[in-house]
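K.L.:
Here it is: the structure, laid out below.
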Amino acid sequence: MPAWKRTFAAVWAANLVTAIGMQAFLPFFASHLEALGLRDRDEIALWAGLLFGAAPLSAAAASPLWGALGDRFGRRLMVLRAMLAITIFVGAMAFARDPWDMLWLRIAQGLFSGFLAPSLTLVSVQAPANAQSRVTAWLNTSMVLGAVVGPALGELLRVQLSLQAVYFVVAALAGVSAVAVLLFAHEPAREHVGLGAAPLRSVLRESLGDITQLRANRALRSAVVLSFWIQFGMGATHPLLELHIRDLDSWWPALPPSTSALFSVMAVANLAAMPWWGAVGDRRGASRALVWCGVGCCASLAVQALATSYEALLLGRIAFGVAIAGSGPLAFGVAAQESTLAQRGGAMGLVFAARCWSVALSSMAGGAVAALVGVRGVFLLNALVLAGYLLLLRRASATPAVALEAGISTDCPQSVVGDGQMRPKG
């Protein structure tokens, strides 16, 4: 087996185990807050929202810098840093004395523990150029599987043992994952520089300079923004599904509408379609495929907005799951295609940061907008915003400045791809 495939297998397994652990405690903030002494329902809801959003917000701020530092000091080191941070900060949550302790630990966890972006970078810089989107897609499947298995594990531990046991198990799983990466993931020494004697200020300045240069790449910037709005459409509508189905009829009254079924069928469709999107991205270009993904998400959001029956909504959710499955892998694929090996971590970090911002902001925005335009209005408004941005990209692709649909960027005439070869772009 080639070295990059062994690294991929080790990182995929480590990400799966860590993702299962992370999803094991995220659904149970309300129960933990009650255990800490909160009784008012509104206060619990407020704190639960703060705790859920704190980590994505801090991760969004930190991940591009971590990625750029990884380009200098080693990508495997960044994966180890992230997983060990989960071991420390999530393990410490078992000892939280009040909601403020939990909030500070969640902020610290977000700052230090984003593991997906460095994992993608570690594998991406070693994988062949014609497998970049497939690699990112398969690594993203580990996160989806974690979201399927994790909550069930958390519920089992919470009922059979205790809430504190959930945090201890999550910390242990992340620690085991870090050991697996240390032992089995390979990173060629030539792919990064040592610590050396460079002052920290100089290293940070150079890293921030890399991030600024990457943000100037129009194809990468367009992909980052498109990925943000696709993810926003999901995050803004997810919390409203239970309210949406109350206004719908059903063709089969004997089978009552189920909110959980809407989440389950979307997760299954997402998992099934993700590798397919990766293959499409490698064949047709990740940028072009990401636009198709956006069109599919826009159409399926509109279907959900206009659905008059539960079954129509269910079909819309399946279509949405298939379409949105490509948003993460393809955006990371664009990051791989539009960055040199020396800047790969920073590019992955920018995509990851945009998705974190979207997760943190969308659920809050969806609830606020629903009070103004209704639940259907939130679905339709997200479809219109996404359609508007896709039209902007189409207009921009007609100019020499950027051709996102063709996967062409004029910011750099050549790009170093996964096999280290310099190739003309376009």
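K.L.:
Filter region 1-54 for residues that are under 25 Å from PHE115 (Cα atoms) and of a type in the set (Ser, Thr, Tyr) and give the result.
P.N.:
THR7, THR18
K.L.:
Could we say that VAL225 is modelled with pLDDT of 80 or more, out of contact with any Leu (no Cβ under 7 Å at 6 or more places or on another chain) and assigned by TED's automatic domain parsing to the domain that holds LEU361 here?
P.N.:
In short, yes.
K.L.:
Can I ask one more? Mind listing just one residue for me: the one in region 134-188 that is hydrophobic (A, V, I, L, M, F, W, C) and part of a loop (DSSP other than H, G, I, E, B) and, of those, nearest to GLY114 (Cα to Cα)? It would help to see each step written out before you state the result.
P.N.:
Residues of region 134-188 that are hydrophobic (A, V, I, L, M, F, W, C), as a first pass: 135, 137-139, 143-145, 147-149, 152-153, 156-157, 159, 161, 163, 165-166, 168-174, 176, 178-185.
Okay, now just the ones that are also part of a loop (DSSP other than H, G, I, E, B), so 161, 185.
Working: LEU161: 28, ALA185: 18 Å.
Once the filter is applied, the top-ranked residue is ALA185.
K.L.:
Right, here's the next one. Only one of these conditions is not met by ILE88: (1) surrounded by fewer than 22 Cβ atoms within 10 Å (Cβ to Cβ); (2) within 26 Å of THR7 (Cβ to Cβ); (3) under 18 Å from the mean Cα position of the chain (by Cα). Which number is it?
P.N.:
(3)
K.L.:
Have a look at TRP12, TRP100, TRP4 and point out the one that is farther than 27 Å from PHE332 by Cβ and surrounded by fewer than 23 Cβ atoms within 10 Å (Cβ to Cβ).
P.N.:
On the way: TRP12 fails: farther than 27 Å from PHE332 by Cβ; TRP4 fails: farther than 27 Å from PHE332 by Cβ.
None of the others qualify; the one that does is TRP100.
K.L.:
Next up: Please find, among LEU386, LEU381, the residue that is more than 21 Å from ARG284 (Cβ to Cβ) and at pLDDT 80 or above. Walk me through how you get there before you give the answer.
P.N.:
Details: LEU386 fails: more than 21 Å from ARG284 (Cβ to Cβ).
Of the residues listed, the single one that is more than 21 Å from ARG284 (Cβ to Cβ) and at pLDDT 80 or above is LEU381.
K.L.:
Return the only residue of LEU301, LEU315 being surrounded by fewer than 21 Cβ atoms within 10 Å (Cβ to Cβ) and hydrophobic (A, V, I, L, M, F, W, C). Outline the logic, then answer.
P.N.:
Working: LEU301 fails: surrounded by fewer than 21 Cβ atoms within 10 Å (Cβ to Cβ).
Just a single option satisfies the conditions, and that option is LEU315.
K.L.:
For ALA360, state whether it is under 13 Å from GLN132 (Cβ atoms) and assigned to a helix (DSSP H, G or I). Walk me through how you get there before you give the answer.
P.N.:
Numbers: under 13 Å from GLN132 (Cβ atoms): no; assigned to a helix (DSSP H, G or I): yes.
Against the criterion (under 13 Å from GLN132 (Cβ atoms) and assigned to a helix (DSSP H, G or I)), ALA360 does not qualify.
K.L.:
Also, I was wondering about something else. Do you know which residues across region 133-149 are more than 12 Å from the chain's Cα centre (by Cα) and at pLDDT 80 or above?
P.N.:
Across region 133-149, the qualifying residues are TRP138, LEU145, GLY146, VAL149.
K.L.:
Would you be able to tell me the number of residues in region 91-132 that are at pLDDT 80 or above, more than 15 Å from GLY70 (Cα to Cα) and not acidic (Asp, Glu)?
P.N.:
18
K.L.:
Here is a list: ALA319, ALA289, ALA354. Which entry is under 18 Å from the mean Cα position of the chain (by Cα), under 30 Å from ALA131 (Cβ atoms), modelled with pLDDT of 85 or more and not hydroxyl-bearing (Ser, Thr, Tyr)?
P.N.:
Numbers: ALA319 fails: under 18 Å from the mean Cα position of the chain (by Cα); ALA354 fails: modelled with pLDDT of 85 or more.
ALA289 is the lone residue from the list that is under 18 Å from the mean Cα position of the chain (by Cα), under 30 Å from ALA131 (Cβ atoms), modelled with pLDDT of 85 or more and not hydroxyl-bearing (Ser, Thr, Tyr).
K.L.:
Here is a further query. So, in region 22-49, how many residues would count as being surrounded by fewer than 18 Cβ atoms within 10 Å (Cβ to Cβ), modelled with pLDDT of 75 or more and in a helix (DSSP H, G or I)?
P.N.:
4
K.L.:
Follow-up question, since we're still on this one. Give the residues of region 119-157 that are surrounded by fewer than 18 Cβ atoms within 10 Å (Cβ to Cβ) and closer than 14 Å to VAL334 by Cα, sorted by residue number.
P.N.:
Across region 119-157, the qualifying residues are ALA129, ASN130.
The values are calculated or read from the model by the stated rules, or taken from the named source; none is laboratory data. Model, not experiment: these values are computed from the prediction. Every residue, glycine among them, receives a Cβ derived from its backbone with ideal geometry; neighbour counts consider all protein chains shown.
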